[in-house]
Amino acid sequence: MNSNNHERDLVLIITCRAGSEYWCEEEIGNRIFHKDPSVLVLKTKYQGLLLVYSKLHPDTAYKYAKSYEYGFVEKIIPAHIIINGVEQFNFEDAKKIIAELLAEKQLPTNVKLKVKIRGRRGLSQHIWRALIKAMNEHGIRHDPSSHVCIHVEGIDDMLVVGVCEC
């Protein structure tokens with residue numbers, strides 16, 4: 001993430017029902033605007049997927065966005081880690097992600113790992129296995145019933161990782 005306060009960074013990934021992107025964009029944009037008037041909500045080429053750029057820290061944007069009820073927004077994911085070049089993703093990348101999350105977040109020993117890759121066939125399983133192995137090396141176990149999720153969202157050649165409530 002950029003540390004330059006004058007630029008907006010990707011802070012949230014938003015999902016909504018396909019076909020309701022306009023209303024979803026309005027809802028989340030209007031909500032974040034109160035904290036950051038420079039907020040930018042961009043539609044992607046993938047139905048139901050929006051990217052939120054802001055000067056806010058991802059955790060601040062996430063907490064503020066989650067404190068509201070929406071009619072069209074379905075999922076809000078903070079963008080804690082952004083990696084470009086997903087095609088070359090390997091176990092070393094997975095270890096760096098888990099180490100960074102452990103250094104910056106209070107991860108419990110059991111978390112739910114959710115991986116969704118768009119625009120790149122066959123990478124979900126590869127990334128899933130590498131992250132599970134890295135989690136295991138750090139004493140973290142994948143638990144589908146955990147209330148804490150590590151979301152890994154692949155959008156073309158970009159990988160976005162965020163930790164939040166499931």
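The values are calculated or read from the model by the stated rules, or taken from the named source; none is laboratory data. Remember, it's a predicted structure, so these values are computed and weren't measured experimentally. Neighbour counts are summed over all protein chains in view; Cβ atoms, including those assigned to glycine, are modelled from backbone coordinates with ideal geometry.
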* **Residue, farthest from K116 (Cα to Cα), within the range 59-91, restricted to residues that are at pLDDT below 95 and charged (D, E, K, R)** => E69
* Would you mind stating whether V73 is touching a residue at least 24 places away in the same chain (Cβ under 8 Å), assigned by TED's automatic domain parsing to the domain that holds I32 and within 21 Å of G154 (Cβ to Cβ)? => yes
* Could you list all residues from the range 20-79 that are out of contact with any helix residue (DSSP H, G or I) (no Cβ under 6 Å at 6 or more places or on another chain) and hydroxyl-bearing (S, T, Y)? => S20, Y22, S38, T44, Y46, Y53, T60, Y62, Y64, S67
* **Qualifying residue in the range 31-47 (condition: modelled with pLDDT of 95 or more, of a type in the set (G, A, S) and in contact with a Pro (Cβ under 8 Å, 6 or more places away or on another chain))** => no
* Asked: Of the residues that sit in the range 35-53 and are closer than 13 Å to T15 by Cβ, without any contact (Cβ under 8 Å) to a residue 60 or more places away in the chain and of a type outside the set (A, V, I, L, M, F, W, C), which one is surrounded by the most Cβ atoms within 10 Å (Cβ to Cβ)?
  -> G48
* Asked: Can you tell me which of H142, H147, H126, H151 is within 17 Å of I81 (Cβ to Cβ) and either free of Cβ contacts under 8 Å to residues at least 60 places away in the same chain or of a type outside the set (S, T, N, Q) (or both)?
  -> H151
* To do: Test L56 against the stated conditions and say whether it is surrounded by 14 or more Cβ atoms within 10 Å (Cβ to Cβ), closer than 20 Å to V11 by Cβ and at pLDDT 95 or above.
  => yes
* Asked: Do we have any residue at all in the range 142-165 that's exposed (fewer than 13 other Cβ atoms within 10 Å of the Cβ), in a helix (DSSP H, G or I) and not assigned by TED's automatic domain parsing to the domain that holds Y46?
  -> no
* Structure fact -> Residue set A103, A94, A130; condition farther than 27 Å from W23 by Cβ, surrounded by fewer than 14 Cβ atoms within 10 Å (Cβ to Cβ) and outside the structural domain of H34 (by TED's automatic domain parsing); output residue A103
